[in-house]
Amino acid sequence: MKLIVDSGSTKADWIAIDDNGKVMFTTQTLGLNPEILNGDEIVDRLNDRFDILQNKSTATHLFFYGAGCGTDRMKKMLSEIFRDYFSNAIVVVEEDTYAAVFATTPKGESAIVGILGTGSNCSYFDGKVLEQKVQSLGYIAMDDCSGNVFGKELIRKYYFNKMPKELAEVFEKEYDLSPDHIKNKLYKEPNPNAYLATFAKFLIQHKEHEFCRKIIFKAMKSFIKNYIRQFENCKEVPVHFVGSIAFYLKEELAEIFEKYELQLGNVLRRPIDGLIAYHVANS
């Protein structure tokens, strides 16, 4: 049994397949970002799902693609945890960008591949090798155009009284915006980046409002300038995306890509289904 995992900071999608690619079970855990969680917290999240717990000794392979796995130190940390937990499995840990590449890019083709979800990232794939020109520093310093950045921006606009009154009234009804609640979520509870990203739903729901459009397009311009344009051939290859932000703002991406003369390629909400096809083909 092979386990294929696509993990962001908010959630992780798990699929178990047999040698023929038949799905044995699917499940979901909370996100397993090693930059945010310690070993005990990761194991607790694994144990919380019965399908994973009861099959941990029968798994032969674990292919894990995760947010926060962009450095050797984090890969080593997670690999050791998984090898102890899945004692009979061959463990492969890669950053989540590889999941995005394998799910969206036809074999042997070149593309720029971006992730726009709770966090964000961008890489160039020449058909064989993945290249990143910008090393992500996480949600505090980077993550342009991500869910957590949108959440930060909405909270700031609200508290600085720069959100239109009609939107602010709706915003107040949908979220607990008290200072104590927000500060507790940001500074005392785990996964503050995932908490911030929950506000992105409001932005998407009201994306036709000029206030929200400005926030969306400002963030997209930043992502294009800081990430995509780092690659000299960015106008010559398609730009594929995975992630809920990209998926629900696909029309806006298409609009701004036309302005910057970029080619918008495949846009997937989740890469997990594409990963099944990839691992069956490359088993």
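Using R0 = 25 Å, the C-beta based FRET efficiency linking Lys250 and Asp176 works out to 0.25. Principal-axis analysis of the Cα atoms of the chain puts helix 250-259 at an angle of about 70° to the longest axis.
Among the listed pairs Lys207/Lys235; Lys152/Lys207; Lys162/Lys188, those whose Cα-Cα separation exceeds 19 Å are Lys207/Lys235; Lys162/Lys188.
Beta bridges from DSSP with both residues in the chain: antiparallel share about 50 percent, rounded to the nearest 5.
Please report the net charge: other residues with Cβ closer than 15 Å to the Cβ of Lys133, K and R +1, D and E -1.
Once all neighbours under 15 Å are counted, the net charge is -3.
Could you give the angle, 0 to 90 degrees to the nearest 10, between helix 72-85's Cα long axis and the longest principal axis of the Cα atoms of the chain? Helix 72-85 and the main axis of the chain meet at about 50 degrees.
Just to confirm the number: angle between the C-alpha axis of helix 147-159 and the first principal axis of the chain, 0 to 90 degrees, nearest 10? Long axis of 147-159 versus the principal axis of the chain: about 30 degrees.
Tell me the trypsin sites (Lys or Arg not before Pro) within the range 55-102 that lie in a loop according to DSSP and have at most 12 other beta-carbon atoms within 10 Å.
none
Scanning the chain for GluC sites (Glu not before Pro) in DSSP loops with at most 11 neighbouring Cβ atoms within 10 Å leaves 1-207 as the longest stretch between them. Matching the structure-derived Kirkwood radius over Cα pairs in Å against the labelled list (i) 19.7; (ii) 18.6; (iii) 21.6 gives the label (i).
Bear in mind that the values in this text are calculations on the coordinates, not laboratory data. Since the structure is predicted, the reported quantities are computational estimates derived from the model, not experimental observations. In this analysis, Cβ positions are derived from the backbone assuming ideal geometry, glycine residues included, and neighbour counts consider all displayed protein chains.
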